[in-house]
Amino acid sequence: MAHKTIIIDDELLARKRIMELLTDRNEFDVIAECHNGEDAIGKINELSPDVIFLDIELKGMTGFDVLRNIHSQKMPIVVFATAYDYYAVDAFNNYALDFLLKPFKNKRFHETLERILERMQHLDYEERMKGFLDSLDGNLKKGHGSNTKKLPIKQDNKTIFLNTDQVKYVCASSYYAEIYIGEKKYVVRDSLKNLLHQLTDHQFIRIHRSTIINVDHILELVHSDYNEIDIRMNDLKLFRISKSYRKDTLTKLGIL
């Protein structure tokens with residue numbers, strides 16, 4: 001019998017890629033796809049899958065939050081997908097858990113599937129997963145983990161480390177991101193989603209598909225007559241809060 005499988009990722013292309021790679025593997029039966037954490041928690045508790053492919057960075061919560069809310073009788077085998085959480089990669093190895101470091105190659109994916117089939121025989125999986133989550137919580141409380149104080153970026157033939165407290169805002173520009181510190185602008189070839197994952201301190205908020213701001217550099221909110229809200233930064237730069245990010249932004253600012 002094929003192992004019931006759920007794919008959880010907020011990016012459609014990422015879900016489609018995993019689905020396509022599983023097409024020729026009759027050991028796995030994809031019973032659901034989820035694009036956010038709340039949906040994932042509901043589907044896991046309802047369907048009790050054997051395997052889940054879980055993106056760490058989901059809108060509104062992390063993949064770890066999803067696991068902490070699983071109430072089904074059996075913990076599924078979890079394959080984590082990650083791009084930047086270096087602490088988590090070490091923890092995965094320490095607890096013999098599976099992960100895919102994005103972007104991953106087909107060969108790496110199929111090697112992971114073989115390990116999943118082998119792990120089905122291990123009876124201590126739930127205990128190892130609990131130990132992993134406990135260790136993750138402990139490290140985050142100590143101030144370690146993915147809370148990045150220095151942001152490494154490539155500039156020409158060097159990698160420089162930016163102090164995240166000094167980052168005022170980050171703006172998308174085509175395939176690039178522009179990071180603003182003081183009067184300087186650093187241009188990197190990266191997505192805002194990946195950068196936000198590195199800037200996991202609570203003061204960074206995505207207010208628009210093309211804008212991340214540091215709340216410590218906010219001067220004021222500006223309300224227009226057309227029910228629009230702008231954020232004015234300390235350097236007087238004005239950014240619009242898009243409707244899709246408004247509720248989350250105002251909640252994090254303590255206004256809702």
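Kindly flag which residue pairs out of 184/237; 59/130; 168/237; 150/185; 184/247 have an alpha-carbon separation exceeding 19 Å in this structure.
Values: 184/237 14 Å; 59/130 23 Å; 168/237 10 Å; 150/185 16 Å; 184/247 31 Å.
Among 184/237; 59/130; 168/237; 150/185; 184/247, the Cα-Cα distance tops 19 Å for 59/130; 184/247.
For residue 191 and residue 26, FRET efficiency with R0 = 30 Å and r from the beta-carbon atoms, rounded to 0.05? If you can, show how the numbers build up before the last one.
Numbers: r = 34 Å, r/R0 = 1.15.
Once the sixth-power term is evaluated, E becomes 0.30.
Which entries in the list 4/154; 105/193; 43/102; 4/107 go over 31 Å, if you measure between the two C-alpha atoms of each? Intermediate values should be presented prior to the final figure.
Numbers: 4/154 41 Å; 105/193 21 Å; 43/102 24 Å; 4/107 22 Å.
Violating the 31 Å limit, Cα to Cα: 4/154.
What distance in nm separates the two pseudo spin-label positions at residue 247 and residue 12, each 7 Å out from Cα along the beta-carbon direction?
Placing both labels 7 Å along Cα→Cβ, they lie 2.1 nm apart.
Given the Cα-Cα distance of residue 107 and residue 228 and 0.36 nm per residue of separation, how much length would full extension add, in nm? Could you put the intermediate results ahead of the total?
On the way: separation 121, 0.36 × 121 = 43.56 nm, distance 4.82 nm.
That pair, residue 107 and residue 228, stretches by 38.7 nm at full extension.
For residue 220 and residue 127, calculate 0.36 nm times their separation in residues minus their Cα-Cα distance, and state this gained length in nm to one decimal.
Details: separation 93, 0.36 × 93 = 33.48 nm, distance 4.82 nm.
Result: 28.7 nm gained on full extension.
For the range 150-252, what does the alpha-carbon gyration tensor say about shape, rounded, prolate or oblate, given a ≥ b ≥ c as the root eigenvalues, a/c under 1.5 as rounded, and a/b over b/c as prolate?
Since a/c reaches 1.5 and a/b is larger than b/c, the shape of the range 150-252 is classed as prolate.
No value in this document is a laboratory result; all are computed from the given coordinates. These figures come from a predicted structure and were not determined experimentally. Glycine also receives a Cβ, built like all others from the backbone with ideal geometry; neighbour counts cover every protein chain displayed.
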